[in-house]
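One structure is given below, encoded as structure tokens.
The values are calculated or read from the model by the stated rules, or taken from the named source; none is laboratory data. Everything quoted here is computed from the prediction, not taken from an experiment. Virtual Cβ from ideal backbone geometry, glycine too; neighbours counted across all protein chains shown. We work out accessible area using only protein heavy atoms, side chains counted, and drop any ligands, DNA or RNA first. Shrake-Rupley method; radii C 1.70, N 1.55, O 1.52, S 1.80 Å.
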Amino acid sequence: MKKIKPAFLPAILILCLLIGSIGNLTSVLGVPALLVVVLLGAGLYFGAPQLDHLSTRQLRWGIGLGLLAMLIAQVVVLHVMPNTVCHDPYRVLSQADQLAAGHMTWDITYFWRYANNVPLAYLLSLWLRLTQLVGLSTNLSVHLLSILVLDSFIALALHTIWQLSQRASLLVVAFGFFALSPFAYTYYLQVFYSDLPTMLVLLIIIRSLLNWSQKTSRQRWLAGSGLVVAVMLGAMLKPNLVVLLPALLIVGLILARQHLWRQAKLTLPILLIVLGFGLSLPATKVFDVAANYQPRTAFSFPATNWILMGYNQHSNGGYSGKDVGRAIKQPSQADRQRYNLKTIPKRIKTLGVVGVIRLWVVKLGIVLNVQGIQRWYNGGFRAAPSWYSNHAGFYQGLTVIGYVAATLLMWGALMLKLLRWRPDLTDPHQILALLAVTTALGYLAFHTLLWEVEPRYGQAILPLLWVALAAIPRQASQSRPRWANQASLLSGATASLVAFGAAGVLGAQLPQKQVIAAQRSQLSVQYHAKPKTVTPGTVLAEVVDVNAPANYFSVQIHAGSQVQVTLTNLATGQHYRLTMAGSVARLHHQLAAGQYRITVQNLTTRGQQVDVTHTYHYQLAAHPLTVNGQSQPTASLIYTCMQR
């Protein structure tokens, strides 16, 4: 039996996950989250043998009913609490909506800057066209797509974990992670974007390699075809999938060194993966032509722009508005490239060796931070229910504790396995585990050492970590005392009490700005979105449902516009005059729950500009915008109602 030693790559991943764990425990909810992790870990330690005695029939019924309950909960969340999608996902959705309506134009500079999102917008437009044939609304179509991709990922992940481990306890834990934590009900459900499809693609790629040497010719043909398509689509949606290639190279070299390359029989799948990457380039061109998209280098950013932001110590290596603003001012892509190549070495020199290492550690902590899963690209619920708004601190605290605890529990279990693991590369499952570990390190290295970071970027390695956890053999289980079952139940119950209690007590200490109602989707002035010109005497009006008390209301108008903005309580008839501050009209006043009408009037003798978000079929708000009394269901003002 051939083994590699020392386990260098697992040790690096352990260090990365330790840094990520510390980063997730820095908020006021860190201590209770850690306590929940310890209690749940103890409960699973004592209860695992009992779970492993569950029959296959019991598992199927239990997991099946659990997934059905999850689906029902997802539908309720989407119906009761639709959110206002912000930034990049909205721009992709808006463009897809436009293409699906037959308007094959690209009217804002966003896609000329970030051409990597063109394939996603085009693919989404095809889905919208397909669902329109059966009479589905665009809103319902997007929700349906989110559920299909999310639940397919969860079901496929659970199936893969069972195939690799054959452990009922691990399958139950994985089900708990996906279906009982905020994973299935927040960002990935409420915002459709490239992150989740990328995770699904990664899982499909890894599954295609599962037991490759034991597949029949027909199975290899089917798996190989799926592998090429998955890699091609994955590379088009997220170019950083390319980290898979060096990961394959490293694993291949390790296998060759151990004289196990022939036995592993990975030559063909690796060639198919390379083929998939190669096909992604012409496929992107085909999509561009089909979508009538033509790149404009005058607006595009070179790759060095993201490296530049990655070494901005003031933004901790994250997105920097100043860097983007400076890039926009450059007259051409070549000028941006020259500026970046000149500035990047200066930043590294200013940081010094110690500063660079410190920045890497900070970036690693950011990219693995999961505390904000509810806030990612979420501008707030369109009209949060009163039961949520009145206890928002509790629900937000429970969301943070729940996902942080679930994540750290999974990381902890993986780190314990990695600590004792010496890969036996005669085992195909352990080869898969080594590839998953190496690819995960590739993603982390890419964003830590080279690229800019955001917390959601680290979620790409989630399927890889679960594959590694399931594929690494477990150590021989030790006997449990007779009171193990009681201890397991007690630990689980105590963990629930700690989570709910801490969320109730400490939730009030979370940031106090709570969005009560909002419509914040917009294409943005920075991408040259065109405002609506309001002629003299024109009145714009929109009704907003405010389901809980608030004390702040704002409406985005447009810089330099001279319009009168009022807010009217429809029940009492009371009027409030909003005051202009830059491009926003604001009101600081206590507002009771109820329905309000925003009114924007042009009382001047000249046309005035107002920022209005307009789509073709996607409904942005519960109530339509009216222009001089005429209803426009797919148009909306941009507004925010908050309790501050």
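On inspection, Gln595 qualifies as of a type outside the set (D, E, K, R) and under 19 Å from Ala383 (Cα atoms). Only a single item in (1) out of contact with any Phe, Trp or Tyr (no Cβ under 9 Å at 6 or more places or on another chain); (2) touching a residue at least 12 places away in the same chain (Cβ under 8 Å); (3) open to solvent by 50 Å² or more (accessible area, probe 1.4 Å) is not met by Val610, and it is number (3). Please work out if Ile401 is under 30 Å from Gly504 (Cβ atoms), in contact with a helix residue (DSSP H, G or I) (Cβ under 9 Å, 6 or more places away or on another chain) and buried (at least 24 other Cβ atoms within 10 Å of the Cβ). Against the criterion (under 30 Å from Gly504 (Cβ atoms), in contact with a helix residue (DSSP H, G or I) (Cβ under 9 Å, 6 or more places away or on another chain) and buried (at least 24 other Cβ atoms within 10 Å of the Cβ)), Ile401 qualifies.
In segment 301-316, which residue that is part of a helix (DSSP H, G or I) and aliphatic (A, V, I, L, M) is surrounded by the most Cβ atoms within 10 Å (Cβ to Cβ)? Can you show your working first?
Keep residues of segment 301-316 that are part of a helix (DSSP H, G or I), which gives 304-310, 313-315.
So of that shortlist, the ones also aliphatic (A, V, I, L, M) come out as 307-309.
Details: Ile307: 18, Leu308: 24, Met309: 22.
Here the answer is Leu308.
Here are some conditions: (1) surrounded by fewer than 16 Cβ atoms within 10 Å (Cβ to Cβ); (2) touching a residue at least 24 places away in the same chain (Cβ under 8 Å). Leu13 meets all but one. Which one does it not meet? Only one criterion in (1) surrounded by fewer than 16 Cβ atoms within 10 Å (Cβ to Cβ); (2) touching a residue at least 24 places away in the same chain (Cβ under 8 Å) is unmet by Leu13, namely (1).
Since His79 meets every condition but one in (1) assigned to a helix (DSSP H, G or I); (2) over 30 Å from Gly504 (Cβ atoms); (3) open to solvent by 60 Å² or more (accessible area, probe 1.4 Å), which condition does it not meet? Only one criterion in (1) assigned to a helix (DSSP H, G or I); (2) over 30 Å from Gly504 (Cβ atoms); (3) open to solvent by 60 Å² or more (accessible area, probe 1.4 Å) is unmet by His79, namely (2).
If you go through segment 608-631 and keep only what is assigned to a loop (DSSP other than H, G, I, E, B) and under 12 Å from Val539 (Cα atoms), you end up with Asn628, Gly629. Need the failing condition index for Tyr616 against (1) of a type in the set (Phe, Trp, Tyr); (2) surrounded by fewer than 17 Cβ atoms within 10 Å (Cβ to Cβ); (3) within 23 Å of His588 (Cα to Cα), just the number. Condition not satisfied by Tyr616: (3).
If you go through segment 529-585 and keep only what is among the small types (Gly, Ala, Ser), surrounded by 19 or more Cβ atoms within 10 Å (Cβ to Cβ), part of a strand (DSSP E or B) and free of Cβ contacts under 8 Å to residues at least 60 places away in the same chain, you end up with just Ala585.
A quick yes/no check of all residues on (1) modelled with pLDDT under 90; (2) assigned to a loop (DSSP other than H, G, I, E, B):
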site: Ala476; (1), (2): yes, yes
site: Ser496; (1), (2): yes, no
site: Ala499; (1), (2): yes, no
site: Ala502; (1), (2): yes, no
site: Val505; (1), (2): yes, no
site: Ala508; (1), (2): yes, no
site: Ala517; (1), (2): no, no
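Here Gln430 meets each of (1) touching a residue at least 60 places away in the same chain (Cβ under 8 Å); (2) surrounded by fewer than 24 Cβ atoms within 10 Å (Cβ to Cβ) with one exception, condition (1).
For segment 180-282, the helices (runs of 4 or more DSSP H) that sit wholly inside it and include 2 or more residues that are out of contact with any Phe, Trp or Tyr (no Cβ under 7 Å at 6 or more places or on another chain), in contact (Cβ under 8 Å) with a residue 40 or more places away in the chain and open to solvent by less than 70 Å² (accessible area, probe 1.4 Å) are 187-190, 195-209, 217-237, 244-257.
Exactly one residue among Trp411, Trp360 is closer than 30 Å to Leu506 by Cβ and either open to solvent by 30 Å² or more (accessible area, probe 1.4 Å) or of a type outside the set (Gly, Ala, Ser) (or both), and that residue is Trp411.
So that you can scan it fast, the table gives a plain yes or no per residue for (1) of a type in the set (Asp, Glu); (2) surrounded by fewer than 18 Cβ atoms within 10 Å (Cβ to Cβ); (3) at pLDDT 95 or above:
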site	(1), (2), (3)
Leu54	no, yes, no
Leu59	no, yes, no
Ala69	no, yes, yes
Ala73	no, yes, yes
Asn83	no, no, no
Asp88	yes, yes, no
Val92	no, no, yes
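Tally the residues that are of a type outside the set (S, T, N, Q), farther than 26 Å from Asn378 by Cβ and assigned to a helix (DSSP H, G or I), restricting the search to segment 164-179.
Within segment 164-179, the first condition is being of a type outside the set (S, T, N, Q), and the residues that meet it are 164, 167-168, 170-179.
Those left that are additionally farther than 26 Å from Asn378 by Cβ: 164, 167-168, 170-173.
Applying the additional criterion that residues be assigned to a helix (DSSP H, G or I) yields 164, 168, 170-173.
Qualifying residue count for the region: 6.
Out of curiosity, is Leu462 in contact (Cβ under 8 Å) with a residue 40 or more places away in the chain, closer than 30 Å to Ser320 by Cβ, under 21 Å from the mean Cα position of the chain (by Cα) and open to solvent by less than 50 Å² (accessible area, probe 1.4 Å)? Break it down into steps so the answer makes sense when it comes.
On the way: in contact (Cβ under 8 Å) with a residue 40 or more places away in the chain: yes; closer than 30 Å to Ser320 by Cβ: yes; under 21 Å from the mean Cα position of the chain (by Cα): yes; open to solvent by less than 50 Å² (accessible area, probe 1.4 Å): yes.
Considered against the rule, which asks whether it is in contact (Cβ under 8 Å) with a residue 40 or more places away in the chain, closer than 30 Å to Ser320 by Cβ, under 21 Å from the mean Cα position of the chain (by Cα) and open to solvent by less than 50 Å² (accessible area, probe 1.4 Å), Leu462 comes out as yes.
Could you pull out the residue among Tyr319, Tyr339 that is open to solvent by 60 Å² or more (accessible area, probe 1.4 Å), within 22 Å of Asn24 (Cα to Cα) and hydroxyl-bearing (Ser, Thr, Tyr)? Every option except Tyr319 fails the conditions.
Name the residue, out of Leu144, Leu126, Leu148, Leu136, that is open to solvent by 10 Å² or more (accessible area, probe 1.4 Å) and more than 25 Å from Pro633 (Cα to Cα).
Leu148
Filter segment 425-465 down to the residues that are out of contact with any His (no Cβ under 6 Å at 6 or more places or on another chain), hydroxyl-bearing (Ser, Thr, Tyr) and assigned to a helix (DSSP H, G or I) and list them by number. If the condition is that a residue be out of contact with any His (no Cβ under 6 Å at 6 or more places or on another chain), hydroxyl-bearing (Ser, Thr, Tyr) and assigned to a helix (DSSP H, G or I), then Thr438, Thr439, Tyr443, Thr448 are the ones that fit. Scan segment 335-352 and tell me whether some residue there is of a type outside the set (Gly, Ala, Ser) and closer than 29 Å to Leu93 by Cβ. Yes, segment 335-352 contains a residue that is of a type outside the set (Gly, Ala, Ser) and closer than 29 Å to Leu93 by Cβ.
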